[in-house]
């Protein structure tokens, strides 16, 4: 059985690739492996990953670049002006931050049924996307 289309937030990628041997890193890696080609990210997630991995965690640039290249071989959702407007409306409706709303909107626009993140409420359902924290 194929896993459901799942959007993966930056924090899950950071644990999996930049902190692979910690408890959270192992859980994140395992969750992502199970997704296979059903894992979706956005350009926002790739930007944030590179920034956090290189600036905050000290990952060498060439290594972070390779992660971006590898992830780019899968499905990547690009932000568009209409998506930004929908994210603003979603942020207003849900009272979450604009950046979280942009992640959620990318998941919605890419027809995902799940969003793996540590930043939102596990089990919450937003416009058909279930928030799941695979690190729990």
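We did not get these values from a lab; they are worked out from the coordinates using the rules stated. Bear in mind the structure is a predicted one, so any value in this text is a computation, not a measurement. Here the Cβ is made from the backbone with ideal geometry for all residues, glycine too, and neighbour counts use every protein chain on show.
How many percent of the alpha carbon pairs in the stretch 40-85 exceed a separation of 15 Å? For the stretch 40-85, the fraction of Cα-Cα distances above 15 Å is 46 percent. Each of residue 119 and residue 43 was given a label point 7 Å from its Cα along the Cα-to-Cβ line. The distance between the two points is 1.8 nm. Per residue, the chain reaches -14000 deg cm²/dmol at 222 nm when only DSSP H runs of four or more residues are counted, each adding -39500 (n - 2.57). Taking Cα atoms only, the orientation of helix 23-35 departs from the longest principal axis of the chain by about 70 degrees. Between 0 and 90 degrees, the angle of helix 81-94 with respect to the longest Cα principal axis of the chain falls at about 80 degrees. Whole Å is fine, so just give me how far the alpha carbon centre of the stretch 104-135 lies from that of the stretch 1-65. Here the answer is 15 Å between Cα centres. Relative contact order for the chain: 28 percent, from Cα pairs under 8 Å spaced at least 6 residues apart, divided by residue count. The packing ranking of peptides 20-27, 4-11, highest mean first, is 4-11, 20-27, where packing means the average number of other beta carbon atoms within 10 angstrom of each residue.
If you wrap the Cα atoms of the chain in a convex hull and average its projected area over all directions, you get 8.0 nm². Note on residue 55 and residue 75: with the Förster distance fixed at 25 Å, the Cβ-Cβ geometry gives a FRET efficiency of about 0.45.
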